[in-house]
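Undergrad: Submitted below is the structure of interest, expressed as structure tokens.
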Amino acid sequence: VFFPGSIAALERGGVELFLEEWAAASGHDIDPATRGAFLANDAAALAAYMRAAEQAERVEDAAIAAFPMPVLLVAGTRDRPRLTAAEHVRALLLVEGADHGSTPRRPEVAPALREFFAAVDSSAAAV
């Protein structure tokens, strides 16, 4: 889910080891807010969640294309799994230098979301 071996890291050494190995895998420190959020969780519960997420069915590209509403995917350029999954998405906001944990808190994200929603509202009002 986060990096190869993330579940094993949680099971072997808890959240601290998970964060250490995540930083090593990403090549960047984990930002303090993300670090704090993970440290507030139970390692066994996180591992169980990640294992279940890996087993969950993927939403197929055709299903996404058939959505009746506009879809915007927001992904950081350091979030390789999401970037790979986003190759087919028509509306994509790339957040330069962000990873999975830091993308939502980047200052450019909220204005971009407001712009996207405003455009959706405008096109809905025109119909």
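The values are calculated or read from the model by the stated rules, or taken from the named source; none is laboratory data. This one's a predicted model, so the numbers in the text were calculated from it and none came from an experiment. Neighbour counts run over all protein chains shown; Cβ positions are idealised from the backbone, glycine included. Please note that ligands, DNA and RNA were not included when accessible areas were found on the heavy atoms of the full protein model with its side chains. Shrake-Rupley method; radii C 1.70, N 1.55, O 1.52, S 1.80 Å.
Undergrad: Filter segment 62-93 down to the residues that are part of a loop (DSSP other than H, G, I, E, B) and either surrounded by 15 or more Cβ atoms within 10 Å (Cβ to Cβ) or out of contact with any Pro (no Cβ under 9 Å at 6 or more places or on another chain) (or both) and list them by number.
TA: Once the filter is applied, which keeps residues that are part of a loop (DSSP other than H, G, I, E, B) and either surrounded by 15 or more Cβ atoms within 10 Å (Cβ to Cβ) or out of contact with any Pro (no Cβ under 9 Å at 6 or more places or on another chain) (or both), segment 62-93 yields 66, 67, 68, 69, 70, 71, 77, 78, 79, 89.
Undergrad: Of the residues 11, 57, which is assigned to a helix (DSSP H, G or I), at pLDDT 80 or above and more than 21 Å from residue 109 (Cβ to Cβ)?
TA: On the way: 57 fails: assigned to a helix (DSSP H, G or I).
Of the residues listed, the single one that is assigned to a helix (DSSP H, G or I), at pLDDT 80 or above and more than 21 Å from residue 109 (Cβ to Cβ) is 11.
Undergrad: Just give me the residues in segment 46-58 being surrounded by fewer than 14 Cβ atoms within 10 Å (Cβ to Cβ) and either touching an Asp or Glu at 6+ places or on another chain (Cβ under 8 Å) or more than 30 Å from residue 14 (Cα to Cα) (or both), in sequence order.
TA: Correct list: empty.
Undergrad: Of everything in segment 22-41, what is out of contact with any helix residue (DSSP H, G or I) (no Cβ under 6 Å at 6 or more places or on another chain), more than 27 Å from residue 92 (Cα to Cα) and in contact (Cβ under 8 Å) with a residue 24 or more places away in the chain? Give them in sequence order.
TA: Residue satisfying the conditions is 41 alone.
Undergrad: Being farther than 30 Å from residue 117 by Cα, open to solvent by less than 40 Å² (accessible area, probe 1.4 Å), among the aromatic types (Phe, Trp, Tyr) and not in a helix (DSSP H, G or I): is that true of residue 3 here? Even if it seems obvious, please write down each step before you answer.
TA: Values: farther than 30 Å from residue 117 by Cα: yes; open to solvent by less than 40 Å² (accessible area, probe 1.4 Å): yes; among the aromatic types (Phe, Trp, Tyr): yes; not in a helix (DSSP H, G or I): yes.
Answer is yes for this residue.
Undergrad: Continuing with the same structure: List the pairs whose first member sits in segment 65-76 and is farther than 8 Å from residue 92 by Cβ and touching a residue at least 40 places away in the same chain (Cβ under 8 Å), whose second member is open to solvent by 50 Å² or more (accessible area, probe 1.4 Å) and assigned to a loop (DSSP other than H, G, I, E, B), and whose Cβ atoms are under 9 Å apart, counting only residues at least 6 apart or on separate chains?
TA: The qualifying pairs are 70/90.
Undergrad: Mind listing whichever residues of segment 95-105 are in contact with a helix residue (DSSP H, G or I) (Cβ under 8 Å, 6 or more places away or on another chain) and buried (at least 16 other Cβ atoms within 10 Å of the Cβ)? Can you show your working first?
TA: Just the residues of segment 95-105 that are in contact with a helix residue (DSSP H, G or I) (Cβ under 8 Å, 6 or more places away or on another chain), to begin with: 95, 99-103, 105.
Scanning segment 95-105 gives 95, 99, 100, 101, 102, 103.
Undergrad: Sticking with this structure for a sec: Taking segment 78-101 as the region of interest, how many residues are at pLDDT below 80 and not charged (D, E, K, R)?
TA: Residues that pass the stated criteria total 9.
Undergrad: Going by what's in this entry, would residue 76 be described as under 20 Å from residue 106 (Cα atoms) and not hydroxyl-bearing (Ser, Thr, Tyr)? It would help to see each step written out before you state the result.
TA: Values: under 20 Å from residue 106 (Cα atoms): yes; not hydroxyl-bearing (Ser, Thr, Tyr): yes.
Yes; evaluated as a whole, the condition is true for this residue.
Undergrad: Can I ask one more? Within the bounds of segment 32-45, is there any residue that is more than 21 Å from residue 76 (Cβ to Cβ) and buried (at least 18 other Cβ atoms within 10 Å of the Cβ)?
TA: yes
Undergrad: Using the structure shown, decide if residue 108 is on the phi < 0 side of the Ramachandran plot, out of contact with any Pro (no Cβ under 8 Å at 6 or more places or on another chain) and open to solvent by 70 Å² or more (accessible area, probe 1.4 Å).
TA: Details: on the phi < 0 side of the Ramachandran plot: yes; out of contact with any Pro (no Cβ under 8 Å at 6 or more places or on another chain): yes; open to solvent by 70 Å² or more (accessible area, probe 1.4 Å): yes.
Here the answer is yes, as residue 108 does meet what is asked.
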